[in-house]
Amino acid sequence: MDPIARELEQQLSRLSAQALWLVDENPLPRCRPNPSVEVVGNRFDVIEQLQQQGWNARFNDFELETLPSACFNTILYRVSKEKAVVHHLIGAAKRLLKPNGELILLGDKAEGIRTYVRKAETCLGGSRTESKLGGNSWCARIVRGGEEGECPDSQSYAELRSACSDQRLEYWAKPGLFGWNKIDRGSAFLIEQLPAMLETPLPLSGSVLDLGCGFGYLALNAAGPETRLVCTDNNAAALLACQYNLRRAGISGEVLASNAGDSIRQQFDTLLCNPPFHSGFSVDGDLTDRFLAAAQRLLTSQGSACFVVNQHIPLERKAVGRFADISLWADNGSFKLVRLRKPINSTVQGHS
């Protein structure tokens, strides 16, 4: 177990009444649920896992405004990958902590923990103590003081904003989403080639699943009035942005929280996917396998799953044994498009 996970486990076991644990996509420690701790997190799979273990856990995009002020003795947080999220939660801690309450921050030096601790000390107007956990990992306790301090800039994290645009649409998003302020080049490559891949013009008809939808770029460019559209993602911010963008574009569709499509039961004629390959601060090779397994299960027998991945992802090799028809459609030197058909051993071999 890494030093941060070990420390997090020890802190969780010691927390008493009125404590809040803020979680995102970082690996969870192995510890028994503590009834004194409320949990809020923005990753559906993490919150689902904690709920199954018996934790009092809620899934949302760190929407803490409904919690009363000065209601927690302790807030525990292992810092996130996105700076704006960390700043947002440091600012929230100032309102939520009781006088002399503590914000406990954990993280690695390369993740900016030392800077975050100094900013939190200023924001909370109190004092701090720090301890090195091993390697470059640190734990800091910052006390909520009585003086007013300037909190770090969260870039108005709670609000969606116009993030990027193309000739067709304006896309709204927010920090915390991967590539939130630009159009992903891989996704644009997939949309450009999609009519030829599927031998049909856009917008698509029939049932379409955008698996790992992000702010909805693939769905917004592939779907139309005749599309039976479902979009799913694990990230609470992505779900908010996708729903908002679909509504602005006048496209109807369901937007569902799901861990790589695991909670979806219906099957689809077309599946679109630009799968992530990062989890927290690390590369997670298993993510590709999970998205391929979902595509195998969720695609109709006559359907097509269209993936775009970085050139180094061995998607074609990983798809062997899951699909009978595997086609490398295009490769532009940075991204490759792979079309998968004829899922093997699907639970249901029919149309949705």
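Cross-link candidates for Lys98: which lysines have Cα within less than 23 Å, leaving aside residues fewer than 8 places away along the same chain?
Reachable lysines: Lys119.
With a 1.4 Å probe and all protein chains kept in place, how do Arg6, Arg30 rank by accessible area, largest first?
Arg30, Arg6
Counting only C-alpha contacts under 8 Å and six or more residues apart, can you give the relative contact order of region 77-157 as a whole percent?
Once normalised by length, the contact order is 38 percent.
If you roll a 1.4 Å probe over the heavy atoms of the protein chains, what accessible area per residue do you get for region 170-294, in Å²?
38
On the protein heavy atoms, probe 1.4 angstrom, tell me the percent of accessible surface of region 42-168 carried by carbon and sulfur.
The C+S portion of the solvent-accessible surface of region 42-168 is 43 percent.
When only C-alpha pairs under 8 Å and at least 6 residues apart count, what is the relative contact order of region 100-141, in percent?
Relative contact order for region 100-141 comes out at 50 percent.
Taking the Cα centre of the chain as the origin, how large is its charge dipole in debye, to the nearest 20, when only Lys and Arg (+1) and Asp and Glu (-1) carry charge on their Cβ atoms?
It comes to approximately 460 debye.
Accessible surface of Arg118 in the full protein assembly, 1.4 angstrom probe, to the nearest 10 Å²?
For Arg118, solvent-accessible area is about 120 Å².
With unit charges on the beta carbons (Lys and Arg positive, Asp and Glu negative) and the dipole taken about the Cα centre of the chain, which residue among Asn136, Ala330, Phe178 sits farthest to the positive side?
The Cα lying farthest towards the positive end belongs to Asn136.
For Cα pairs less than 8 Å apart in space and 6+ apart in sequence, what is the mean separation divided by the residue count of the chain, i.e. the relative contact order in percent?
It rounds to 11 percent for the chain.
Let me know the volume per residue of the alpha-carbon convex hull for region 185-225, in Å³.
Here the figure is 70 Å³ per residue.
(1) 37, 24, 20; (2) 40, 21, 18; (3) 48, 17, 17: which one is semi-axes √(5λ) of the Cα gyration tensor in Å as calculated from this entry?
Identified label for the calculated read-out: (2).
Any idea of the accessible area per residue across region 1-130, 1.4 Å probe, to the nearest Å²?
Per residue, region 1-130 has 43 Å² of solvent-accessible surface.
Amide H to amide H, which residues 5 or more places from Arg58 or on other chains are under 5 Å from it, using H placed in the peptide plane?
It is Val39, Val40, Gly41, by chain and number.
Helix-only estimate, please: 222 nm mean residue ellipticity of the chain, summing -39500 (n - 2.57) across DSSP H runs of length 4 or more and dividing by its residues, to the nearest 500.
-8500 deg cm²/dmol
Given +1 on the Cβ of Lys and Arg, -1 on the Cβ of Asp and Glu, and no further charges, what dipole in debye does region 168-267 carry about its Cα centre, rounded to the nearest 20?
Computed about the Cα centre, the dipole is about 260 debye.
Taking the convex hull of the Cα atoms, report for region 197-272 its projected area averaged over all directions, in nm².
Over every viewing direction, the Cα hull of region 197-272 projects on average to 4.5 nm².
Quick one: dipole size for region 125-211, taken about the Cα centre, charges +1 on Lys/Arg Cβ and -1 on Asp/Glu Cβ, in debye to the nearest 20.
340
Going toward the positive end of the dipole of the chain, with +1 on Lys and Arg Cβ and -1 on Asp and Glu Cβ, which of Leu246, Leu103, Tyr217 do you reach last?
Positive-most Cα among the choices belongs to Leu103.
Karplus couplings for region 302-315 from phi (6.51 cos²θ - 1.76 cosθ + 1.60, θ = phi - 60°), rounded to Hz, Gly and Pro as x?
Values per residue, Gly and Pro as x: 9, x, 10, 9, 10, 10, 10, 9, 4, 4, 7, 7, x, 4 Hz.
Would you mind checking region 168-185 for residues with the amide N under 16 Å from a putative spin-label position 7 Å along Cα→C-beta of Glu192?
168, 183-185
Is region 1-143 best put as rounded, prolate or oblate by its Cα gyration tensor, with a ≥ b ≥ c the root eigenvalues, rounded for a/c under 1.5, and otherwise prolate when a/b is larger than b/c, oblate when not?
rounded
Going by average Cβ neighbours within 10 Å, how do the peptides 301-312, 245-256 rank, with the highest at the top?
301-312, 245-256
Go through Trp329, Trp180, Trp55 and list them by solvent-accessible area, largest first, probe radius 1.4 Å.
Result, largest first: Trp329, Trp180, Trp55.
Rank these residues by their accessible area, most exposed first, probe 1.4 Å: Leu12, Leu239.
Output order, biggest surface exposure first: Leu239, Leu12.
Please list, in chain and number order, the residues 5+ apart from Ala330 or on another chain whose amide H is under 5 Å from its amide H, with Hs placed from the backbone.
Those lying under 5 Å, H to H, from Ala330 are Leu337.
Along the charge dipole of the chain, which of Thr300, Ser205, Ala17 sits closest to the positive end, that is, farthest toward it, with unit charges on the beta carbon of Lys, Arg, Asp and Glu (+1, +1, -1, -1)?
It is Ala17, whose Cα lies furthest towards the positive end.
The values are calculated or read from the model by the stated rules, or taken from the named source; none is laboratory data. These numbers were taken from a predicted model, which means no experiment stands behind them. Neighbour counts are summed over all protein chains in view; Cβ atoms, including those assigned to glycine, are modelled from backbone coordinates with ideal geometry. We work out accessible area using only protein heavy atoms, side chains counted, and drop any ligands, DNA or RNA first. Shrake-Rupley method; radii C 1.70, N 1.55, O 1.52, S 1.80 Å.
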